Amino acid sequence: MHGQIFVEALTPERVLHPFPLVLIHGGAQTANNWLTTPDGRQGWADWFVDQGWVVYLVDQPARGRSAWQPGLDGPLVPIPVHHVERLFTACAEYDDWPQGKLHTQWPGGEGKGHSGDPVFDQFYASQVPWMGRIETESAVSRAGAALLDRVGPAVVLVHSQAGAFGWLLADARPELVKAIVAVEPFGPPFRDDSALKNVPDRSWGLTLTPLTYDPPVTADHPLEFEQQRRVDPTLQAGWLQKGRPRRLANLRNVPVLVATGEASYHAAYDHCTVAYLVQAGVQVEHMRLADRGVHGNGHMMMLELNSLEIAALLNAWLIRTLAGSDA
């Protein structure tokens, strides 16, 4: 079996919402991210079930319970301890982006956020090697579309690397994706100009693999981008389409929420993703957690001390956005 995804289904005693949630984890993670936190608190999956949602938890292809196949899947890359500390758990101690010093919500005791702290070690034990982005995008596009064909209309909730999958699945199955909740999605569009850049340019704007644009993208008429003027020294200057923008035709009727933590490295560029979506004709709302009175969050907000407060904000947006929708 190659390219398969393992999907765990959680069903409440009483289903209160017309569509299930499909939760897809980010890079170096598995669906375990949604089940609990490294210090043993309730995870988002059980919390959303308590609110009456059917929840599907996906392990990306060649990751976790979706077995990697030697000779078929590409090479796997582990995530180093120092990378986890800098980007996820102890970013207040580094000077890699201006907002990082505001990070306060990672759990733990003395030495929290670093190797040797029991909470950090529990989290790092859950980190797994992962496959290249292009290969994973292609595999999730196929397997995720098959999942939607099986379960029917759904809300897709994605985090980090999986942000690309929200756009790709809505592009492949626009009638089955009722909304996208993008928690700090893979970005920014086209090119990352930060000191943390570690991915190639996204020639399709939001993804490394094709999306449907109107007018169509062809070899003779490729997407072209131009960098915007920086207006705030703490924020990246994003890239938008050059000239008359093409529309993301299959996403135009899919409501999107982009959620961003106050202290995450995404705080410096998620606005670029939102601007790109708006230019491409997508209905999108940007939820900056700090603007909602939720402070101190880094990139792994679903594991942090106030994680359920954030889940409640996402839940309220979904209920408001899907009001009146029929399954």
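The values are calculated or read from the model by the stated rules, or taken from the named source; none is laboratory data. Remember, predicted model here, so these are calculated numbers, not experimental data. Here Cβ is always computed from backbone atoms with ideal geometry, including for glycine, and neighbour counts include all displayed protein chains. Remember, those area values only see protein heavy atoms, side chains included, never the ligands or the DNA or RNA. Shrake-Rupley method; radii C 1.70, N 1.55, O 1.52, S 1.80 Å.
List of remarks:
- Neighbour net charge for Ser115 - beta-carbon separation under 10 angstrom, K R +1, D E -1: -3
- Per-residue ³J(HN,Hα) for region 118-130, Karplus 6.51 cos²θ - 1.76 cosθ + 1.60, θ = phi - 60°, Hz, x for Gly and Pro: x, 5, 4, 4, 5, 5, 5, 4, 8, 6, 10, x, 9
- Potential extension, Lys101-Glu13 segment - 0.36 nm per residue separation minus Cα distance: 27.4 nm
- To put it simply, the accessible area of the chain at a 1.4 Å probe is 52 percent carbon and sulfur.
- Available extension along the chain between Arg230 and Ile134 is 31.6 nm, counting 0.36 nm per residue and deducting the alpha carbon span.
- Accessible surface, per residue, of the chain when the full set of protein chains is kept, probe 1.4 Å, Å²: 41
- A convex hull fitted to the Cα coordinates of region 136-277 yields 109 cubic angstrom per residue.
- Surface accessible to a 1.4 Å probe, Glu135 within the full protein complex, Å²: 70
- Region 224-327: trypsin sites (Lys or Arg not before Pro) falling in loop per DSSP and having at most 14 other Cβ within 10 Å: Arg229, Arg230, Lys242, Arg252
- Radius of gyration over Kirkwood radius for region 40-160, both on Cα atoms: the Rg/Rh ratio is 1.01.
- Summarising the amide proton neighbourhood of His103: residues at separation of 5 or more, or on other chains, whose placed amide H is nearer than 5 Å comprise Ala92.
- Ranking by accessible area, most exposed first, for Ser325, Ser307 with a 1.4 Å probe: Ser325, Ser307
- Basic side chains Lys and Arg get +1 at the Cβ, acidic Asp and Glu get -1 at the Cβ, and with that the dipole of region 83-145 about its Cα centre reaches some 240 debye.
- Linear extension gain, Ser325 paired with Glu285, 0.36 nm per residue minus alpha-carbon span: 12.5 nm
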